[in-house]
Amino acid sequence: MDLSRRSLLGGLAVGGTTLAAGGVLDLADSAPALGLQGSLPSRVDVVVVGAGISGLVAAHRLAVHGRDVLVVEARDRVGGRVLNHRLGPGNVIESGGAFIGPTQTHIAALAKQLDVRTFDEYVDGQSVYVSSTLGRMTYQGTVPPDPTILPDAALLQTRIDQYAKEIDVAAPWKHPMAAEWDRMTLAQFIQQNCVNAEGINRIIRCWTQPGFGADPEELSFLYVVWYCACSGDRMHPGTFERNSDTADGAQKKRFVGGSQLIPLRLARRLGDVVALEAPVRRIEQRHRHAVVHTGRGPVHARKVVVAVPPPMVLDIDWHPHLPAGRRALMRHLDMGELMKCDAVYRTPFWRKAGLNGFGIADSGAVRAAFDNCPRDGDPGVLLAFVGGGTWRTYGLMTRAKRRRAVLEGFATMFGDQALHPVDYVEHDWTHERWTTGGPVANYAPEVLTSVGHTIRRPFRRVHWAGTETATYWTGYMDGAVRAGERAAREVLAG
Ligand code: FAD
């Protein structure tokens, strides 16, 4: 089916170059010359704002149903929070979203349609735990064998899973305990319920800093329970374990050729209806249509789908003004603070030592480390998430100091060889003009229960996509797909 208004750039073929099968990056996948050149059309059925996974999925759905769509994207690339980094010929790592896992069926199905294959994250061998009181130990499973935290960790996990089961993922504010849970932070819940609150608080950061880009003191407890409830699907209630685990959780698999292949290939399927370097500055809603003012000129549309991170919604000049509830919600949804730091080695030396490359530490720059090698393990790559309070310490240092701290963190976990990488790569999402942080926009106390219900409520001709509007797997690539599909359904029904 021809999806674009003028010419379809041929299914998965671009400019005569067929994309390589099996998710292997080829020239066409990385070519920057993508999208609609020249002036924008003056009128379409639907303008989609944002060419992240969510916006592209919404646009694709609408195009398949015969709607004339235009995607307007501020950056000079597609993918938003999903971004490949080339290590060398044929080898990439991800600077943004990377992992998928069980029940993330929407992103998995999309990847399959686009012929992007997955591979299992390396899990053979032991994980490492570095405690400032007990020292370094190796372990298997989800929770490190630290006797000072085990009973509290079990209690916390049981409580979260029990509450998550009771929550309506589409309306967490309706739970009978919602007001009480939303008044406190995760840190306060821990303080009130754990014997060794200090120990748990130190270790739970190894989950909240990569997962939310935030600390337990910043996150509403209701939000955390809801986030875990979202880590599943209709048949499988979300759990803490599925959210946090590698072997059977959200970090189970990665994409061959890098996750950005998905938005790149989807954009190519859409063809010349994706306009890059077209930031939306103003949206006017009139009686019969909306006018979307972009850096490349105005476009009239019957409907608009906005698929940008929450802070970016406020960056747009709205006429009429956004409803007060939505404005308040967007103002209080804060992007996490997160960067990824990758050290590249000739070989994954830790594997030979019986380690799987996963590590957590209760201090230092590396609170959570992952094996981030390409599928064939060549080269070796260790990944550190530096988020929340750890980002506020190390993210603000000079690159040289941070590099040293990250490599020392890896060395404590995996041995001194980690001090001598052949390359070091980092990406700080707080520096990104069109994202401002990551991985997700978070709820502080009393936001979900006061204005959370406005999250998906259309505003006249405007419908909302973006991972933050998802019910299952909100905050993840899977949530971005689901949200794009839902927004498209709304438009088609309207
Ligand atoms: P985005 O990707 O943010 O796309 C929004 C788009 O809107 C962007 O392209 C932006 O440039 C554009 N835009 C913004 N403002 C405007 C404007 N005014 N006009 C026009 N365009 C505009 N998820 C996982 O599933 N697994 C992971 O392992 C994982 N790890 C992550 C690690 C990091 C470091 C980060 C940052 C994210 C991670 N995520 C992960 C989250 C995942 O990347 C996101 O949930 C998902 O990519 C969001 O997609 P989206 O389309 O909703 O939003």
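Only residues that are in a strand (DSSP E or B) and either open to solvent by 20 Å² or more (accessible area, probe 1.4 Å) or touching a helix residue (DSSP H, G or I) at 6+ places or on another chain (Cβ under 6 Å) (or both): list them for region 298-318, please.
Hits for region 298-318 are P298, H300, R302, K303, V305, D317.
Scan region 111-124 and give yes if some residue there is within 24 Å of the chain's Cα centre (by Cα), of a type in the set (D, E, K, R) and closer than 25 Å to D428 by Cβ, otherwise no.
Checked region 111-124: at least one residue is within 24 Å of the chain's Cα centre (by Cα), of a type in the set (D, E, K, R) and closer than 25 Å to D428 by Cβ.
Which numbered condition trips up E337, out of (1) touching a helix residue (DSSP H, G or I) at 6+ places or on another chain (Cβ under 7 Å); (2) of a type in the set (D, E); (3) away from the ligand (no atom under 14 Å from the Cβ)?
Status for E337: all satisfied but (3).
Regarding region 153-166, can at least one residue be identified that is in a loop (DSSP other than H, G, I, E, B) and open to solvent by 10 Å² or more (accessible area, probe 1.4 Å)?
no
Rundown of residues vs (1) in contact (Cβ under 8 Å) with a residue 24 or more places away in the chain; (2) over 26 Å from H321 (Cβ atoms); (3) crowded, with 24+ Cβ neighbours inside 10 Å, yes/no style:
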{"position": "E217", "(1), (2), (3)": "yes, yes, no"}
{"position": "F221", "(1), (2), (3)": "yes, yes, yes"}
{"position": "Y227", "(1), (2), (3)": "yes, yes, yes"}
{"position": "P237", "(1), (2), (3)": "yes, yes, no"}
{"position": "S259", "(1), (2), (3)": "yes, yes, yes"}
{"position": "A290", "(1), (2), (3)": "yes, no, no"}
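From H321, H332, grab the single residue that is in contact (Cβ under 8 Å) with a residue 12 or more places away in the chain, open to solvent by 40 Å² or more (accessible area, probe 1.4 Å) and more than 15 Å from the ligand (Cβ to nearest atom).
H332
For I149, all conditions in the list (1) away from the ligand (no atom under 16 Å from the Cβ); (2) open to solvent by 60 Å² or more (accessible area, probe 1.4 Å); (3) touching a helix residue (DSSP H, G or I) at 6+ places or on another chain (Cβ under 8 Å) hold save one; what is the number of the exception?
(2)
List the residue pairs whose Cβ atoms are under 8 Å apart, where the first residue sits in region 451-467 and is closer than 16 Å to G52 by Cα and at pLDDT 95 or above, the second is of a type in the set (S, T, Y) and assigned to a loop (DSSP other than H, G, I, E, B), and the two are 6 or more positions apart or on different chains.
What qualifies is T467/T474; T467/Y476.
Could you count how many residues in region 53-64 are within 8 Å of the ligand (Cβ to nearest atom), more than 21 Å from Q37 (Cβ to Cβ) and not β-branched (V, I, T)?
Selection size over region 53-64: 1.
If a residue counts only when it is within 11 Å of the ligand (Cβ to nearest atom), which strands (runs of 3 or more DSSP E) contained entirely in region 65-144 have at least 2 such residues?
69-72
Residue-wise test of (1) of a type outside the set (A, V, I, L, M, F, W, C); (2) assigned to a helix (DSSP H, G or I); (3) surrounded by fewer than 22 Cβ atoms within 10 Å (Cβ to Cβ).
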{"residue": "F370", "(1), (2), (3)": "no, no, no"}
{"residue": "D376", "(1), (2), (3)": "yes, no, yes"}
{"residue": "V381", "(1), (2), (3)": "no, no, no"}
{"residue": "R392", "(1), (2), (3)": "yes, yes, yes"}
{"residue": "M397", "(1), (2), (3)": "no, no, yes"}
{"residue": "K401", "(1), (2), (3)": "yes, yes, yes"}
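In the list A487, A444, which residue meets the criterion of being away from the ligand (no atom under 16 Å from the Cβ) and either under 30 Å from L261 (Cα atoms) or surrounded by fewer than 24 Cβ atoms within 10 Å (Cβ to Cβ) (or both)?
Answer to the selection: A444.
I need every pair where a residue in region 263-282 that is of a type in the set (S, T, Y) and assigned to a strand (DSSP E or B) has its Cβ under 6 Å from the Cβ of a residue that is open to solvent by 10 Å² or more (accessible area, probe 1.4 Å) and near the ligand (Cβ under 9 Å from one of its atoms), sequence separation at least 6 or different chains.
none
Just the residues that are more than 9 Å from the ligand (Cβ to nearest atom), open to solvent by less than 70 Å² (accessible area, probe 1.4 Å) and not in a strand (DSSP E or B), please, taken from region 411-431.
Selection gives A411, M413, F414, G415, A418, L419, P421, T430.
When the residues of region 452-480 are filtered to those that are polar (S, T, N, Q) and more than 12 Å from the ligand (Cβ to nearest atom), which remaining residue is most open to solvent (accessible area, probe 1.4 Å)?
T471
Looking only at region 270-292, which residues are more than 13 Å from V49 (Cβ to Cβ), charged (D, E, K, R) and at pLDDT 95 or above?
E277, E284
Residue by residue, here is whether (1) within 16 Å of the chain's Cα centre (by Cα); (2) open to solvent by 10 Å² or more (accessible area, probe 1.4 Å); (3) within 16 Å of the ligand (Cβ to nearest atom) holds:
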site: G389; (1), (2), (3): no, yes, no
site: R433; (1), (2), (3): no, yes, yes
site: G437; (1), (2), (3): yes, no, yes
site: V440; (1), (2), (3): yes, no, yes
site: S450; (1), (2), (3): no, yes, no
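Looking only at region 98-131, filter to residues that are more than 17 Å from T246 (Cβ to Cβ) and of a type in the set (D, E, K, R); which one of those is least open to solvent (accessible area, probe 1.4 Å)?
Looking at residues that are more than 17 Å from T246 (Cβ to Cβ) and of a type in the set (D, E, K, R), I get D115.
Going residue by residue through region 356-366, is there one that turns out to be open to solvent by 10 Å² or more (accessible area, probe 1.4 Å), polar (S, T, N, Q) and under 29 Å from F119 (Cα atoms)?
Within region 356-366, one or more residues are open to solvent by 10 Å² or more (accessible area, probe 1.4 Å), polar (S, T, N, Q) and under 29 Å from F119 (Cα atoms).
Would you mind stating whether V49 is closer than 17 Å to P279 by Cα, more than 9 Å from the ligand (Cβ to nearest atom) and open to solvent by less than 10 Å² (accessible area, probe 1.4 Å)?
no
The values are calculated or read from the model by the stated rules, or taken from the named source; none is laboratory data. What you see is a predicted model, and the numbers here were worked out from it, not measured in a lab. All Cβ positions, glycine included, derive from the backbone under ideal geometry; neighbour counts span all protein chains shown. Accessible surface is based on the protein model in full, side chains and every heavy atom, while ligands, DNA and RNA are left aside. Shrake-Rupley method; radii C 1.70, N 1.55, O 1.52, S 1.80 Å.
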